[in-house]
């Protein structure tokens, strides 16, 4: 069964309508996305390369985990779920540090429109062993740890998913 998504108004309030993930993009309806940046004690950020089979941003680098908030879920619950599904990393609610909410709308291609409100979190870990990460192959090609300069280089080369508002906050956090 396809994932169901709660529809929002442009201010982030639920409208009471629920549609499939496919319909939310076909109709260009507002919905919530979570983004999680996992950072180790040395200031390295865990990055994932999106699957080459993804409909949007295939093969681009992204922060640790991101995904849709399913119908009936809070953004915190979705952040915990997505991090577990995509990376096999279990996080607790108390580890999630909320950093910002922003919205973005853009047409990816004909019949695929993003109108998303992003809730962004940081998780601090003492160590991140990339060898122990179990990626969800349908979502993730590979993972790596980036120090600040490499992160900035990825941004400059535009080899990352466009999350400019988030990246500014992550860079501030890392400094």
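Just so it is clear, none of the values below were taken in a lab; they were calculated from the coordinates. None of these values were measured; they are calculated from a predicted model. Note that we place each Cβ from the backbone using ideal geometry, even for glycine, and neighbour counts take in every protein chain shown.
What the table below lists for this structure:
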item: Filter result (within 21 Å of residue 102 (Cα to Cα), assigned to a loop (DSSP other than H, G, I, E, B) and in contact with a helix residue (DSSP H, G or I) (Cβ under 9 Å, 6 or more places away or on another chain)) within segment 10-45; result: 29
item: Residue list for segment 113-145, restricted to those being in contact (Cβ under 8 Å) with a residue 60 or more places away in the chain and out of contact with any strand residue (DSSP E or B) (no Cβ under 8 Å at 6 or more places or on another chain); result: 137, 138
item: In segment 6-23, the residues that are under 16 Å from residue 78 (Cβ atoms) and touching a residue at least 60 places away in the same chain (Cβ under 8 Å); result: 6, 8, 12
